[in-house]
Amino acid sequence: MRFALILIALFISPSLLADTGLPAVTVIPNDDGTQSYSITLQVLALMTALSFIPAVVIMMTSFTRIVVVLSILRQALGLQQSPSNQVIIGLALFLSLFIMSPVLDKINQTALQPYVNEQVGALQALELAQGPIREFMLSQTRDSDIKTFLEIANRNDVTSPEQAPMTVLIPAFITSELKTAFQIGFMLFIPFLVIDLVVASVLMAMGMMMLSPMIVSLPFKLMLFVLVDGWSLVMGTLANSFGL
């Protein structure tokens, strides 16, 4: 049976296959002078764009600040593997989704829905989607960082941050996010550092030099973090740092 199916497949006319195939690229001119591309090419472009989604999530959303702060918090508590990296990344992803939901709603209204309803083309929808993203990134980026990257790129034609291209805005945004994340992490680190210093001083005064201060201070840091409802405070601080 399998051999017969193979023979049938081999003797199928190539012209029949050509007639039933899909066109690879079709460019359709519109009435306003723009061009539309075939669904096959649009799907190919979409599948290619999917490979850039991790970079977009990391570099153009609130993910970087959140994951850096949570990593510093774990280090301040003295915990090496708890919460695990998977838990930290999961918290960062869902908190980023919560923070970015207004931006995603704007993208859906201004770009996605018009494209689905065939009111705009794919390229125009992409340009419309950049508006909410640029607005969010500009609100979180320091003017000094934008100025620095404009000077590096020798873009003397840009007179305001709103005119900065995406190639300048994205690295400036990441630089600002890292700086803000380290500032928040520093404020979180101070209370736990005080506990470590107090425990180390007490152990030295008692002559217990062979006992690791980290082991003794860990329960006190965990108790302090739980008593002040630390996770809610950290999550609330991160959300409020974006102006929510």
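The values are calculated or read from the model by the stated rules, or taken from the named source; none is laboratory data. Computed from a prediction, not measured in an experiment: that's the story for all the values here. Positions of Cβ are backbone-derived with ideal geometry, glycine not excepted, and every protein chain shown enters the neighbour counts. The protein model used for the area step is the full one, side chains on, heavy atoms only, and it has no ligands, DNA or RNA in it. Shrake-Rupley method; radii C 1.70, N 1.55, O 1.52, S 1.80 Å.
For this structure, a couple of remarks:
- Asp145 under 29 Å from Gly243 (Cα atoms) and either modelled with pLDDT under 85 or in contact with a Ser or Thr (Cβ under 9 Å, 6 or more places away or on another chain) (or both): yes
- Looking only at the range 193-236, and only at residues there that are part of a helix (DSSP H, G or I) and of a type in the set (Ser, Thr, Tyr), the one that is surrounded by the fewest Cβ atoms within 10 Å (Cβ to Cβ): Ser232
- Residues located in the range 149-172, provided they are at negative phi and without any contact (Cβ under 8 Å) to a residue 12 or more places away in the chain: Glu151, Ile152, Asn156, Asp157, Val158, Thr159, Ser160, Gln163, Pro165
- Residues that are within 27 Å of Arg65 (Cα to Cα), touching a Lys or Arg at 6+ places or on another chain (Cβ under 8 Å) and modelled with pLDDT of 80 or more are absent from the range 210-218 altogether.
- Selection from the range 148-173 of residues that are farther than 12 Å from Met60 by Cα, under 23 Å from the mean Cα position of the chain (by Cα) and open to solvent by 60 Å² or more (accessible area, probe 1.4 Å): Thr148, Glu162, Gln163
- The set of residues in the range 179-209 being farther than 21 Å from Ser71 by Cβ and out of contact with any Pro (no Cβ under 6 Å at 6 or more places or on another chain) consists of Leu197, Val198, Ser201, Val202, Met204, Ala205, Met206, Gly207, Met208, Met209.
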